[in-house]
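The values are calculated or read from the model by the stated rules, or taken from the named source; none is laboratory data. What you see is a predicted model; the values in this text were computed from it and never measured. A quick note on method: Cβ atoms are made from the backbone with ideal geometry, for glycine too, and the neighbour counts reach across all protein chains shown. We work out accessible area using only protein heavy atoms, side chains counted, and drop any ligands, DNA or RNA first. Shrake-Rupley method; radii C 1.70, N 1.55, O 1.52, S 1.80 Å.
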Amino acid sequence: SIQDKNSLHLYSVNGKYLGSETLKEEVSDMCVSGEYIVMGSLQGFLSIRDLYSLSLSISPLAMRLPIHCISVTKEYSHILVGLEDGKLIIVGVGKPAEV
């Protein structure tokens, strides 16, 4: 975060710059899960981005409170979201029939 501008930068394992994306929110936690980056923000949005293009995979989900931590289950079936007020939100991943 530099002067109220937040960016996500992507580098190869060899340190080669691959790209960046400007973010509207301030990221509080993130994790890489398969080919996706799952991010939570202090503004209360849960975002899922493609790991290679950094583009949004779905529209951000509003949690209404700042997100403090994020985790993805081992089977990639659920996203666990810890909110500022201590609540744990469980978000199902996949098609409704699969969730």
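Descriptive notes on the structure:
- Residue check, SER47 open to solvent by less than 70 Å² (accessible area, probe 1.4 Å), polar (S, T, N, Q) and over 13 Å from the mean Cα position of the chain (by Cα): no
- Residue check, ILE79 among the β-branched types (Val, Ile, Thr) and surrounded by 15 or more Cβ atoms within 10 Å (Cβ to Cβ): yes
- Filter result (touching a Phe, Trp or Tyr at 6+ places or on another chain (Cβ under 7 Å) and surrounded by 14 or more Cβ atoms within 10 Å (Cβ to Cβ)) within the range 2-43: GLU25, SER33
- Of all residues in the range 54-71, those that are more than 10 Å from GLY40 (Cβ to Cβ) and of a type outside the set (Val, Ile, Thr) have Cβ atoms under 8 Å from Cβ atoms of residues that are open to solvent by 50 Å² or more (accessible area, probe 1.4 Å) and not in a strand (DSSP E or B), 6 or more apart or on another chain, in LEU65/GLU84; LEU65/ASP85; LEU65/LYS87.
- The number of residues in the range 63-76 being surrounded by fewer than 13 Cβ atoms within 10 Å (Cβ to Cβ) and on the phi < 0 side of the Ramachandran plot comes to 3.
- Condition check for LEU54: touching a Leu at 6+ places or on another chain (Cβ under 9 Å), part of a strand (DSSP E or B) and not β-branched (Val, Ile, Thr): no
- Check on GLY94, out of contact with any strand residue (DSSP E or B) (no Cβ under 8 Å at 6 or more places or on another chain) and at pLDDT 95 or above: no
- Of all residue pairs spaced 6 or more apart or on separate chains, none has beta-carbon atoms under 7 Å together with a first member in the range 8-32 that is at positive phi and a second member that is among the aliphatic types (A, V, I, L, M) and surrounded by fewer than 10 Cβ atoms within 10 Å (Cβ to Cβ).
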